[in-house]
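A.B. asks: Would you mind keeping the following structure in view while I ask a few things?
The values are calculated or read from the model by the stated rules, or taken from the named source; none is laboratory data. Note that this is a predicted model, so its numbers are computed, not measured. Using ideal geometry, Cβ is built from the backbone for each residue, glycine included, and neighbour counts are taken over all protein chains shown. To get the accessible areas, we keep the full protein, side chains included, count just its heavy atoms, and leave off ligands, DNA and RNA. Shrake-Rupley method; radii C 1.70, N 1.55, O 1.52, S 1.80 Å.
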Amino acid sequence: MISTHPYTQLTPERVMDAIEAQGFVCDARIFPLNSYENRVYQVGIEDQQPLIAKFYRPGRWSREAIQEEHDFLLELQREDLPVVAPIAVNDQTLFFSDPFFFALFPRRGGQAPELSSDDDLELLGRWLGRLHQVGANCAFKHRPLIRGADDMVLASEQVLRSGLMPVDYHASYESLATALTDWAQKLYRAEDIRTLRLHGDLHPGNLLLRDETLYMVDFDDCVQGPAMQDIWMLLSGSEQEQRQQLLVIKEGYEMFRPFPQHELALMEVLRSLRVMKYAAWLCSRWDDPAFPAAFPWLDSHRFWSEHIILLREQLAALQEGPLVLPQF
């Protein structure tokens, strides 16, 4: 069967035509970069450094939501934070080549930081403190808001509706999803949470160390939510190791704003939500030919068995209570 997904239209010629319409001259060197949600390319430009071209998935974000991502990056750049902001052409950063919105970025090379290093963690804490200081200046109007239990319900509905989970796992999954949602309702009370503009997906893969500068990259999932969302994904290892990592991050963070220690109880809710949303994301993208090719195990018993085990572990973590930092 011939795929009719919009990305099948995104040929190298379409990519070059879109970029050249913004005044650049391509040299026909186009290298696809690792990205499933969008399509991202390194494109050679005559007599200039290559550019990174990002073609947004049609229908995912509105023009206004993408522009908010760009405006946030430009605001952070003006405050001298290490981010990679989009290139403006005639005062515009968002372009359209039907049916794709796209943007151009300068190329940044580098390597992943060693998060086992206290120096890197403390630096990250400083950057996060500054990012959140800027993020608190105003609120997103068009980007998503982390809603806790409501987001879990939506994720579980997407999974069950997709038909990709074997039927014999449905009862266990629904039971766990309900239990996790109940915990989220207890712990993630919107009226008690101060939200701000966040990176939203700050795992180590979205950090880039170059020339002793630690860049925060890929703001595609920037979101309105609690500060802890940008902190918990930097942690790894045992509870004792995570506690020590938090103390180091806290030291850097508090150079610019108070550390959100009261949000530690949200960590396992946010982690559970990420686990559920990841499975829902895979299910919701199954019509994109890149996904069955990259994730052929999605409809297998093994994947869903491991997913349910992970949800059980998250439920146990919520029942154990939040990580506590020592008081000084």
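A.B. asks: Need the C-alpha centroid separation for the stretch 159-233 versus the stretch 39-77, integer Å.
C.D. replies: Using only Cα atoms to place each centre, the spacing works out to 23 Å.
A.B. asks: By how many nm would the segment from ARG108 to VAL324 lengthen if fully extended, with 0.36 nm per residue of separation less the alpha-carbon distance?
C.D. replies: Fully extending the segment from ARG108 to VAL324 adds 74.0 nm.
A.B. asks: Which one is right for this structure if semi-axes √(5λ) of the Cα gyration tensor in Å is calculated from it: [x] 33, 28, 17; [y] 36, 20, 16; [z] 41, 24, 17?
C.D. replies: [x]
A.B. asks: To continue, here is another question. At 1.4 Å probe size, with the rest of the protein present, what percent of the exposed accessible area of the chain is carbon and sulfur atoms?
C.D. replies: Of the solvent-accessible surface of the chain, carbon and sulfur hold 49 percent.
A.B. asks: Just need the relative contact order of the stretch 92-199 here, percent rounded to a whole number, with Cα pairs under 8 Å and 6+ apart.
C.D. replies: 31 percent
A.B. asks: While we're on this one: Pull up all non-local amide H partners of SER97: gap of 5 or more, or a different chain, and H-to-H distance under 5 Å with H placed in the peptide plane.
C.D. replies: It is PHE102, by chain and number.
A.B. asks: If you don't mind, there's one more thing I want to ask. What percentages, rounded to whole numbers, describe P(r) for the stretch 153-305 computed over all alpha carbon pairs with 5 Å bin width beginning at zero?
C.D. replies: For the stretch 153-305, the binned pair fractions read 1, 8, 14, 18, 18, 16, 12, 8, 4, 1, 0 percent.
A.B. asks: At 222 nm, what value in deg cm²/dmol follows for the chain if DSSP H runs of at least 4 each add -39500 (n - 2.57) and the sum is divided by all its residues, to the nearest 500?
C.D. replies: Taken over the chain, the calculation gives -13000 deg cm²/dmol.
A.B. asks: What residues qualify as long-range amide H neighbours of ASP27, i.e. H under 5 Å apart, gap of 5 or more or another chain, H built at 1.01 Å from N?
C.D. replies: Residues meeting the amide H criterion: GLY44, ILE45, GLU46.
A.B. asks: Using only alpha carbon pairs under 8 Å that are at least six residues apart, calculate the relative contact order of the stretch 1-136 and give it in whole percent.
C.D. replies: Across the stretch 1-136, relative contact order equals 18 percent.
A.B. asks: Right, here's the next one. Let me make sure I get this right: for the stretch 1-111, a, b and c are the square roots of the gyration tensor eigenvalues over alpha carbons, sorted descending. Under 1.5 in a/c it's rounded, otherwise prolate if a/b > b/c, else oblate. Which is it?
C.D. replies: oblate
A.B. asks: A further question follows. Scattering from the C-alpha atoms of the stretch 228-312 alone, worked out with Debye: what is log10 I(q)/I(0) at q = 0.15 1/Å?
C.D. replies: -0.72
A.B. asks: Nearest 5 percent is fine: what portion of the DSSP beta bridges confined to the chain is antiparallel?
C.D. replies: For the chain, the DSSP antiparallel bridge percentage is about 95.
A.B. asks: So, one more: What three numbers, in Å, describe the spread of the alpha carbons of the stretch 191-250 along their principal axes, ordered from the longest?
C.D. replies: Per principal axis, max minus min of the Cα coordinates gives 40, 31, 16 Å.
A.B. asks: Roughly how many nanometres apart are two label points built 7 Å out from the Cα toward the Cβ at ARG302 and ASP98?
C.D. replies: A separation of 4.6 nm, rounded to one decimal place.
A.B. asks: Got a sec to turn the phi values of the stretch 220-232 into Karplus ³J(HN,Hα) couplings, 6.51 cos²θ - 1.76 cosθ + 1.60 with θ = phi - 60°, whole Hz, x for Gly and Pro?
C.D. replies: For the stretch 220-232, the Karplus curve yields 4, 9, 4, 8, 9, x, x, 3, 4, 4, 8, 10, 5 Hz.
A.B. asks: In whole percent, what relative contact order does the chain give with Cα contacts below 8 Å and a gap of six or more residues?
C.D. replies: So the answer I get is 19 percent.
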